[in-house]
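The values are calculated or read from the model by the stated rules, or taken from the named source; none is laboratory data. Remember, it's a predicted structure, so these values are computed and weren't measured experimentally. Neighbour counts are summed over all protein chains in view; Cβ atoms, including those assigned to glycine, are modelled from backbone coordinates with ideal geometry.
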Amino acid sequence: MSSDKSKPDSEWRTILSPEQFRVLRRKGTEAQGSGIYDKHKADGVYACAACETPLYKSTTKFSSGCGWPAFFDAIPGAVNRHEDNSLFFMARTEITCAACGGHLGHVFKGEGFDTPTDERHCVNSISLSFSDSGGDKH
């Protein structure tokens, strides 16, 4: 996927709430346990809250206990990975929407979860929207 949905910050500010802008455009993090999708269970697709690009299928969501929605894999081509050295004590892998570049969260490997990829995509709920199998958005 390409970045054909990119916009200047001035336009994102009119589309997104202040908190969505802080997380999606400024690489913020919502408070642990505060998001609506952490314990959310329904069949459907999680999309980027900024540009509505489908990112994760509900079949890849799992309960990690971390306080943010966790997925073991993304829809192919939907998520980009970037090295993130913003914390002085650890290197992390940032994940962003491949279409608009919105910050989603981070991916962690080797934590021992019983998933096919042994990865945990730790995603901010505010970075997501959800459509159930019937097409209803939440």
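Residue pairs whose Cβ atoms lie under 6 Å apart, separated by 6 or more positions or on different chains, with the first residue in region 39-57 and at positive phi and buried (at least 16 other Cβ atoms within 10 Å of the Cβ) and the second in a strand (DSSP E or B) and modelled with pLDDT of 95 or more, are G44/F130; G44/S131.
Being at pLDDT below 95, more than 24 Å from K7 (Cα to Cα), acidic (D, E) and out of contact with any His (no Cβ under 9 Å at 6 or more places or on another chain) is a property that D43 lacks. Across region 75-93, a minimum of one residue is classified as of a type in the set (S, T, N, Q) and farther than 23 Å from S6 by Cβ. Please determine, by comparing only the residues of region 7-30 that are more than 16 Å from the chain's Cα centre (by Cα) and surrounded by 15 or more Cβ atoms within 10 Å (Cβ to Cβ), which one is modelled with the lowest pLDDT. If we take residues in region 7-30 being more than 16 Å from the chain's Cα centre (by Cα) and surrounded by 15 or more Cβ atoms within 10 Å (Cβ to Cβ), then K7 is modelled with the lowest pLDDT. For A74, indicate whether it is in a loop (DSSP other than H, G, I, E, B) and either touching a strand residue (DSSP E or B) at 6+ places or on another chain (Cβ under 8 Å) or surrounded by fewer than 16 Cβ atoms within 10 Å (Cβ to Cβ) (or both). Yes: the conditions hold for A74.
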